[in-house]
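This report refers to the structure that appears directly beneath it.
Quick note: the coordinates plus some simple rules give every number you see, no bench work behind them. On a predicted model such as this, the values are computed, not experimentally measured, just so you know. FYI the Cβ positions are ideal-geometry reconstructions off the backbone, even for glycines, and counts take in every protein chain you see.
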Amino acid sequence: MAAAPVAAGSGAGRGRRSAATVAAWGGWGGRPRPGNILLQLRQGQLTGRGLVRAVQFTETFLMERDKQSKWSGIPQLLLKLHTTSHLHSDFVECQNILKEISPLLSMEAMAFVTEERKLTQETTYPNTYIFDLFGGVDTEGVTKRLAEKNDFVIFLFTLMTSKKTFLQTATLIEDILGVKKEMIRLDEVPNLSSLVSNFDQQQLANFCRILAVTISEMDTGNDDKHTLLAKNAQQKKSLSLGPSAAEINQAALLSIPGFVERLCKLATRKVSESTGTASFLQELEEWYTWLDNALVLDALMRVANEESEHNQGASEENGLPHTSARTQLPQSMKIMHEIMYKLEVLYVLCVLLMGRQRNQVHRMIAEFKLIPGLNNLFDKLIWRKHSASALVLHGHNQNCDCSPDITLKIQFLRLLQSFSDHHENKYLLLNNQELNELSAISLKANIPEVEAVLNTDRSLVCDGKRGLLTRLLQVMKKEPAESSFRFWQARAVESFLRGTTSYADQMFLLKRGLLEHILYCIVDSECKSRDVLQSYFDLLGELMKFNVDAFKRFNKYINTDAKFQVFLKQINSSLVDSNMLVRCVTLSLDRFENQVDMKVAEVLSECRLLAYISQVPTQMSFLFRLINIIHVQTLTQENVSCLNTSLVILMLARRKERLPLYLRLLQRMEHSKKYPGFLLNNFHNLLRFWQQHYLHKDKDSTCLENSSCISFSYWKETVSILLNPDRQSPSALVSYIEEPYMDIDRDFTEE
């Protein structure tokens, strides 16, 4: 054992120190405090200079410091590991070192989340922190190298057949896929069907973490923010290349017998809960800052079970009573374990619902009763009274969606949105009594009952007093004004209304006070969130479209000029957010004006909103701004609705033989802005793009047709008339662009 460093002022002592020692001590002459070394390491890792790992220290120095700092020998073990982990090294020795390190880390974490809350050692710095600080973690570098070996990644799947290696293998695969540039193909995994079929439910849930990566399209980012030009180019490229790896992987999974059924069972499995929900929230914040995925939880559960077996054997030998270590785990951990499972499973189901085999997945999900199962979990797990979004985890802010409790709610709402969107199975969100209510609404209004309601299999709908849609409406109306859930809730409810407009569906929601709730949020709470406002405007548009009763309710709530001005201010603050409502009101006005009915006439004479939209200056103001805020190069899935809303205004004008008038007014507005031609040239380019985008053979035009009740042929005809190159045509855009300002042949290239 080397002698301790000499005191300050001794040149000989200072000269004998290694460079690493001097660096660690910062050149001081006295004995350093442990914190100085750790600070140097942390700064080195942040800057990439100086000390970054254990190998930069001598073993003698590490042993000396370990006596005082109680590092559990971890830095020395890391030094040995680095020395023995080269290509021609003794890998048995590496394995032995890892066996020494592993319990120091796993048992510390285990002790932290058990009810006793005692660390295995009373160290100033936890083992996991020391392990990381002295260079024990180099995940990114290792995984990038492993990810390059596709045959190795495929081989890893075969190791998942053993329960002993399952968790470690699953963790490694997940890390590798996170950095892999090209997605693996599951159909290349040997005996995939047999492998997955032999997983127990716990393994299958964790396998969903891997599946979440393999079935999602790579590098898509935020779907709404990618330009349609880029998407169209990618789609053309994909058509020439065939199905993507994600699509192939989805098909491979759906070919496995019983796969979707098992996912549905996992998603709807009930969880026993403790009564102390307040203590649960306190516990959650403590241990979730340490543990952030279900694989770690499973590892701890497994350690607990192994301890239980060991303790049971010892107890039997000594004739002593035995307490299972698993029962010592806090109830909150068991609940969160289940929540983490359901997160992964719901995500996989959601992706499959949006894939090419959507109808097949829909049939299976309905058959295996996913929706009624989630309905039964709604109050006790998904939207528990005290699992509030107010929980703020250590290191995060109140708007963070990292909490599994919060993320489960969002994933649940996304699943409902995907399930309901333009599909007849949406009526499974109701119970039998609520389906009867829809039939009664149609009967009272003397209109045919919706065919999809008649065709709904009553054995597959929700049971209990309320269906899932009604439960969602109840929590939606109670949600705090600043809650981020409002956006997802509105999207989920709106998806129920999308497609061909159903008076019965609208009345079902109107009777439950949805319109008043939306108007309260827009007007009285003066919502500031753009995302929430957009989702509420979209929902309001679907709720009111062609529905006289909805407009009567609107006028009853917006009963003063002051309220109406606040409402208009919200609409005009961002037309990208509100244009769908403008479109729905414009379409409704056109229909009402062509009806001979006292009730409709009364609404037309009293409703402030209809009177406002009916004015030509109002329509022209909307039209001018809708065209002006979009360009071909900036069109996205989010703002392309502005283009379609402008077309709706012009199609209705064409029906009334007023299209030339509207184009002439646009020309005058251009000149008043001192920029002749800038708007109409832009509109001409937008319409050319519209033809390329919507007339593509793979594009589904039914959404435009169903939402507007205008045949797609009329859409196409109107666009063709506007793009007519004949400058003598009174309905052609070129007739209103003066020759010096003509700029209509621009190429559609991504800039």
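Here are some notes:
- Extension gain for E738 to E148 (0.36 nm times residue separation, less C-alpha to C-alpha distance): 206.5 nm.
- Binned Cα-Cα distances of region 596-751, short to long, each 5 Å bin given as a whole percent: 1, 8, 17, 21, 21, 15, 9, 5, 2, 1, 0
- Theoretical FRET efficiency, 1/(1+(r/R0)^6), r = Cβ-Cβ of D200 and E479, R0 25 Å, to 0.05: 0.10
- The length gained on full extension between Q691 and Q95, counted as 0.36 nm times the residue separation minus their Cα-Cα distance, comes to 208.2 nm.
- For region 613-721, averaging the sequence separation of C-alpha pairs within contact (under 8 Å, six or more residues apart) and dividing by the residue count gives a relative contact order of 25 percent.
- Distance violations [Cα-Cα > 23 Å] among K342/K380; K99/K164; K478/K528; K265/K380; K236/K426: K236/K426
- Were the residues from D597 through D726 laid out at 0.36 nm apart, the gain over their Cα-Cα distance would be 42.2 nm.
- Gyration tensor (alpha-carbon) shape descriptor, region 515-568, a/c threshold 1.5: oblate
- Theoretical FRET efficiency, 1/(1+(r/R0)^6), r = Cβ-Cβ of S244 and F712, R0 25 Å, to 0.05: 0.35
- Förster radius 30 Å - calculated FRET efficiency between K556 and K528, Cβ distance, rounded to 0.05: 0.70
- Radius of gyration over Kirkwood radius for region 424-513, both on Cα atoms: the Rg/Rh ratio is 0.97.
- Classification of region 567-645 by its C-alpha gyration tensor yields a prolate form. The axis ratio a/c (a ≥ b ≥ c) is 1.5 or more, and a/b outweighs b/c.
- Among 485-498, 448-461, 421-434, 621-634, the order from most to least packed when residues are scored by Cβ within 10 Å on average: 485-498, 421-434, 621-634, 448-461
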